[in-house]
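Worksheet for the structure shown next.
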Amino acid sequence: VIELGRWEMDTWYHSPYPEPYASQDKLYVCEFSLKYFRKKKTLIRHLAKLDIRHPPGDEIYRSPPPPPSQPSYAGGAVTNPPISVFEVDGKKAK
């Protein structure tokens with residue numbers, strides 16, 4: 001299981017995390033730096049020191065906001081909640 005921000009996800013495929021991370025039942029991933037931790041307490045300490053509030057890399061897509069007249073509009077390319085997609089260069093952002 002991976003916890004990323006407020007979301008908890010079951011994993012579908014094996015990921016080659018190094019030991020002792022691979023033997024954990026749950027990994028905590030920072031939604032801003034994408035670092036992974038074995039304990040939630042360690043993630044919380046990391047977040048307290050972190051000064052960035054978006055993932056590394058360039059934002060390549062942001063879903064459009066809903067029309068002002070229809071805040072709960074769910075048609076077209078509008079997503080609820082809105083999403084952003086970032087392109088991360090692994091060489092620059094290890």
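The values are calculated or read from the model by the stated rules, or taken from the named source; none is laboratory data. Remember, predicted model here, so these are calculated numbers, not experimental data. When we count neighbours, we look across all protein chains shown, and the Cβ atoms used for this are built from the backbone with ideal geometry, even at glycine. Remember, those area values only see protein heavy atoms, side chains included, never the ligands or the DNA or RNA. Shrake-Rupley method; radii C 1.70, N 1.55, O 1.52, S 1.80 Å.
Across the range 47-73, what is the total count of residues that are at pLDDT 80 or above and in contact with a strand residue (DSSP E or B) (Cβ under 7 Å, 6 or more places away or on another chain)?
6
To keep it simple, each residue is scored yes or no on (1) more than 15 Å from the chain's Cα centre (by Cα); (2) open to solvent by less than 100 Å² (accessible area, probe 1.4 Å); (3) within 22 Å of PRO81 (Cβ to Cβ).
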residue: GLU3; (1), (2), (3): no, yes, yes
residue: ASP10; (1), (2), (3): no, no, yes
residue: TYR21; (1), (2), (3): yes, yes, no
residue: GLN24; (1), (2), (3): yes, yes, no
residue: LEU27; (1), (2), (3): no, yes, no
residue: SER33; (1), (2), (3): no, yes, yes
residue: ARG45; (1), (2), (3): yes, no, no
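Cβ-Cβ under 6 Å, sequence separation 6+ or interchain: first residue in the range 29-58 and over 17 Å from ALA93 (Cα atoms), partner open to solvent by 40 Å² or more (accessible area, probe 1.4 Å) and in a loop (DSSP other than H, G, I, E, B). Which pairs?
Final answer for the pair search is ARG38/GLN24.
Considering only residues that are without any contact (Cβ under 8 Å) to a residue 24 or more places away in the chain, in contact with a strand residue (DSSP E or B) (Cβ under 7 Å, 6 or more places away or on another chain) and not in a loop (DSSP other than H, G, I, E, B), which ones fall in the range 6-28?
If the condition is that a residue be without any contact (Cβ under 8 Å) to a residue 24 or more places away in the chain, in contact with a strand residue (DSSP E or B) (Cβ under 7 Å, 6 or more places away or on another chain) and not in a loop (DSSP other than H, G, I, E, B), then MET9 is the only one that fits.
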